[in-house]
1. What are the ³J(HN,Hα) couplings of region 349-365, residue after residue, when phi is run through the Karplus curve with 6.51, -1.76, 1.60 and θ = phi - 60°? Round to Hz, x for glycine and proline.
2. Given 25 °C and 0.890 mPa s, how large is the Stokes-Einstein diffusion coefficient of region 320-406 in µm²/s, with Rh as the Kirkwood radius over Cα pairs?
3. Multiply the residue separation of residue 433 and residue 23 by 0.36 nm, subtract the distance between their alpha-carbon atoms, and state the gained length in nm to one decimal.
4. Name the long-range amide H neighbours of residue 350: under 5 Å, sequence gap of 5 or more, or other chain; modelled H, no Pro or chain starts.
5. From the phi of every residue in region 43-49, what ³J(HN,Hα) in whole Hz does the Karplus formula 6.51 cos²θ - 1.76 cosθ + 1.60 yield, where θ is phi - 60° and glycine or proline is x?
6. Would you kindly state how much longer the chain becomes between residue 192 and residue 271 on full extension, computed as 0.36 nm times their sequence separation minus their alpha carbon distance, in nm to one decimal?
7. How much space per residue, in cubic angstrom, does the convex hull of the C-alpha atoms of region 187-331 take up?
8. In Å, what Kirkwood hydrodynamic radius results for region 90-151 from the alpha-carbon pair distances?
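Nothing in this text is a laboratory measurement; each read-out follows from the coordinates by a stated rule. Because the structure is predicted, anything quoted here is derived from the model rather than measured. Note that each Cβ is placed from the backbone with ideal geometry, even for glycine, and that neighbours are counted across all protein chains shown.
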Amino acid sequence: MPDPIVPFTMVGIIVIVALAISTFIRKLGQNEVIGFILAGFLLGPCCLGLLNPEEPLIQVFSELGLFVLLFYLGIELSWKEFLSAGSAVFGLAIIDLLLIMGLGIGALLALGYSPFFAIAVGAMLTNTSTAIVAKFVIDKNIMHLNGAKVALSINVLQDFLGIMILVLLTSVSKAHSGGIIALLSTAFTALVFAVGVFYAVHYFSRIVERWVKQQGFGQIKMALYAIGVGIIVAALGDYIGLSSSLGAYFAGFALSETSSGKRIKRDIVFLMDFFLVFFFVAFGTTIFYDPALKKVVLPTFNDFISIVLVAILLSLITLLGHSFSTRIFGALFGLSAEDATLSAILLFPLGEFLIVIATVVAGMLTVVEAKTVNALAFLLILITLLMFQPAYNLQHLHQKLFSAIPRLPKPKEKTVLKTNTPYTIKLAKSMAFNLFIVLCLAWLTVLLYYDLPRFNVPIIYSRQITSFLIFAFFASVPFFKAVTAFRKIVRHTMHAPF
């Protein structure tokens, strides 16, 4: 019979070691996440050998950490806050995300990495650490500056868009063995699941909230209900072939719209902090660990240097991507040169969400790329955090370097951003609804393409052309409506007349 004291002793050792190293890292002015990962590396098979990535204790606590993290992130992102960011910031956020992902994917493909690896790491480069940026802005007392407000708003929007990308990556990871049909089926299921969970949990939670208040129960009952709903939705997501942690995120997102959302967030913050220690420690144990051989396989000196150089290259690409998006396109949305520079630098430090993406996609990659993505995620966080403060101190140099870039129209002397109005919100909802219809029709078209031979109906053209014509006929109207709504939003954002 196994000794029950051993797991509890190991839990204590993990907490103490992680706390000690993270405190030292904080004293150096860096993010404590680095300390947690280093603690896992120290306790793991690479150094002391006290922890193994495949131990049930590590796996269970790590999964709980990921669950609580995404549940908390969901509660933290309010739909009202999402809409209040403004149409200009929304446009900048999308441009910034697409530009950085494109540059990162292109660089990695040029270096010979697989397409899925390139897409996953490209998605990592868009995940600025909101916690680090928010704390930095408060410490520097620059919250009142427009550049800081824009950067924080873009962070909020990109957190949401990052979750959408994670949904896609998870769909690929879950369905990679079933071909294109399984992939599209899982992706479509994820989309419907996200929308369904949001509305179901949102409206049901309001009923429960009113009942709890009528019965005079304390707020702790609502917090327990929230955790229970998160677990149920997470289990449901896992049951239908999706990631359980993504189910937790959308449950938290729906709960954020209740009047108890902020209180629930405060009640579970300790739970999140506790289990996150184990999530990042578990990640640290996987660095250089080969699950196929069940042992640590250290890279050669040349391989290690190449990973470091790739991480440095991607860090520079991230800074350049933010700079180009805010300096070139920022002027189109009413951003001044000074605020564009500040926003670009504040968007630079990458955060803990890289670890989430690396954990999700590792099972889809080859053994070599799985080890590379873990090391790369850690190095990207470390390098961008180390470069963040010097980049902030050299804002004047940044402005000089990018002042020669031609931009149209000329930069504003003072930032003037267009905020959301009921009109633009209505347009955004119309665009989202019509795009959802187009995606549904695309999925039905794929099913039709594979089932046409079973119908025994004579067709004039090939299956490909027939399926496309049917899709184009039904999807043209909602697609046109979505494009029209997007065009009107852009014109409104750029202060152009209709």
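1. x, 8, x, 5, 5, 4, 5, 4, 5, 4, 5, 5, 8, 4, x, 8, 8
2. Values: Rh = 14.6 Å.
Reported coefficient: 168 µm²/s.
3. 142.9 nm
4. Under 5 Å from the amide H of residue 350 lie the amide H atoms of 129, 384, 385, each far enough along the sequence or on another chain.
5. Those phi angles translate into 7, x, x, 6, 10, 7, x Hz.
6. Answer, rounded to one decimal: 25.5 nm.
7. Working: hull volume 28.6 nm³, N = 145.
Dividing the Cα hull volume of region 187-331 by its residues yields 197 Å³.
8. Details: mean 1/r = 0.0757 Å⁻¹.
One decimal place: 13.2 Å for the Kirkwood radius.
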